[in-house]
Every structure is written in structure tokens, then in C-alpha cells.
1. Give me the net charge for the shell around residue 118: Cβ to Cβ below 15 angstrom, other residues only, Lys and Arg +1, Asp and Glu -1.
2. Defining a contact as two alpha carbons under 8 Å apart and six or more residues distant in sequence, what relative contact order in percent does the stretch 170-315 show?
3. Got a sec to turn the phi values of the stretch 289-299 into Karplus ³J(HN,Hα) couplings, 6.51 cos²θ - 1.76 cosθ + 1.60 with θ = phi - 60°, whole Hz, x for Gly and Pro?
4. Using only C-alpha positions, report the orientation-averaged shadow area of the convex hull of the stretch 126-237, nm², one decimal.
5. What accessible surface, in Å², does a 1.4 Å probe find on residue 109, ignoring ligands, DNA and RNA and rounding to the nearest 10?
6. Could you order peptides 75-82, 118-125 by the average number of other Cβ atoms within 10 Å of their residues, highest first?
7. Keeping all protein chains in place and using 1.4 angstrom, which order do 303, 298 fall into by accessible surface area, from largest down?
8. Applying a 10 Å radius around every beta-carbon, put 88-94, 182-188 in order of their mean neighbour count, most first.
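The values are calculated or read from the model by the stated rules, or taken from the named source; none is laboratory data. Note that the structure is predicted; figures quoted are calculated from it, not measured. Glycine also receives a Cβ, built like all others from the backbone with ideal geometry; neighbour counts cover every protein chain displayed. Note: accessible area is taken over every heavy atom of the protein model, side chains too, but ligands, DNA and RNA are not part of it. Shrake-Rupley method; radii C 1.70, N 1.55, O 1.52, S 1.80 Å.
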Amino acid sequence: WYQRRVRGSAVGKEDCGCSSLKRDATQQSRGASEDQYADGVAAKVWELYIGAGSSRTEEYGTRLTSLLAQYNVQTVLDAAAGTGVDSVLLVEAGFNVNSIDASDRMLKYAHKVRWERRKDPGFDDWKIGEGNWLDLTKVEDTITHPESGYDAVICLGNSFAHLPSQHNKAISNFYNVLSPGGILLIDHRNFDYILEHGVLPNSNSKLYYQGDRIHKISTSVIRIDNIPSRIELNYEIDVSGFSDGSEERRKLDDGTEIPVEQFQLSYYPHTVTGFQGMLREVFGEKARYTLLKDWLPELEDEEITSYYIHVIQKL
């Protein structure tokens, strides 16, 4: 059922341990640029992790679709479609959606959903294909970009941080497929906090991930010459009810054991100010820009941001 095991450090449930390591730069660059979903492990348990379903769609989806409506968006390129979770809620909401992802393992779940719902409104027109942010002119032939450009390009779920380099080039490519007045909606984890504290923010926000299957996420900050170059997150997901008996097991506080599947994902540690500067460099200083914190303009006092969402409009 699963194909790979990834080692993880033993730390408390829903807490994060941190190790700062120095590794060979060539090896590190090579590992970070590979398709991290190629073995299919994360794809298999993704909906258990994020808690896909009506509760997530209602809260997260309402904020996403409401924001798009503010800009009169009709056509959307979901540039990090993955298993199609965001694309599905957008199709359901009546948007015209093209979805791309570099991982065929993730996209096969999106294809499956589209086939199962092909008779539902909008799903037969939903286009899905492989695509690389570094050359959006060479997406799979199932995708045809609108000549006038998209009203919105979305790249959500901390996906952009998987790209280890050539960030400006990817942002420029998003810019190029937008229509005048179109928006880029792109996010990343609060890496500023992770770099300072070595752990994920202990946030109450569950807009992104509402699944109750997260057993543990451990964190490593990878440094070269004492400069942070990558964040590694090691996930352990409770697969009770979906186990084939081959998974490792973890004992809970009450003594019961659960099967867990493990996978590791790597991210480039974008800071908020660095990301803002990159967007301004591509879109221009006069472009309309908004920064959201967990989809809100501001959070309650002492609440720590989990995700920053950048919204910038093409002039």
C-alpha cells in the first residue's frame, strides 16, 4: 500500500523537535529539487492529514472563494493542485478551473475525483495536467491557458516553498499567465517563527489542516555555513482503519497502539519580508498588495500566525 519509510525524531505528540545540521551543499540541493511526492506515500494519506471534507471546505473554502469574488474572478489556474482539494471546492463554487501539479502521483487522485463527479456541474469542464512552474508554456496538452490570461493564479498549501531556487522565475511565469487586473494568491508557513524558535507555531488555527490524524510533526532546520537553507518536516499520520499491517506503530498515552505512516517534506524557508520583496520585484511597487495571516487581516493578541497569504494584483 505504501512504498517508503522516512525516519523521524522521537518528540511529543503535536510538538516539534529541531536539529540544525550542516550537510554537503550538492547533496542538499539535489535532494530538495526532486519530486518529493514521487513515491506516493504523502499522496496516499493526504486527505487524512488535511481533513478534507465538508468541515474544511466550509471554513477554508468560504474564505478562499470570498476573496476571489472580491476581485471578480472567474478563471483560475490552480498551480499547486496536488490531489485537487482546492480545485474541487472552486469547481463546486462555479469557477472555471485549470489545475496543474508537477507530481503525477498527486494528480491521479484529482483525476479520480473528476471522473467520479463527471456528471456534476462544472466537473466535465475541469482540466487537469502536469506542469512545471519554471516553464508554464509546456504544460500537459490537456491544459490550454486562456489567451487573455487567468483572473487568478493560486498556489496554496505551502507548495511554493518546495521550490529550492529560481523563485523569481516561477513568480514571473505566474505573472505572465495572468490577465491585467488578475491576482496571484500564494502562501507559505510562518518560516520566520520556525527559524527563530526551531518548531512549528503552536497555533489554534486549523483552517488548512483540520485532520485529527496527525500523530506528530518533527522539525529540522538545515543550515549550510550557518545559513538556513531548508526546513524539513517529518510527518507521522495515524492510519487506523486504513492500515495494511506493515506500518510502524506508536503507543499513545493511554497505552493503546496506533499504526502510523511517515513521510518527509522539504521547504525553502521564505521570510515574509523576503517574499514581499520578490513579489514587488516582479509585479512592481505600485501593484495592489495585501498580506493575510491565516486568511485574516489581523489575529487576536498573542495568537501566532501559522500561514501567511500574499495577494498581489497585476497592473
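1. 0
2. 32
3. Computed from phi, the couplings for the stretch 289-299 are 9, 9, 10, 10, 10, 6, 6, 10, x, 9, 9 Hz.
4. Over every viewing direction, the Cα hull of the stretch 126-237 projects on average to 9.4 nm².
5. 60
6. 75-82, 118-125
7. Result, largest first: 298, 303.
8. In decreasing order of mean packing, 88-94, 182-188 become 182-188, 88-94.
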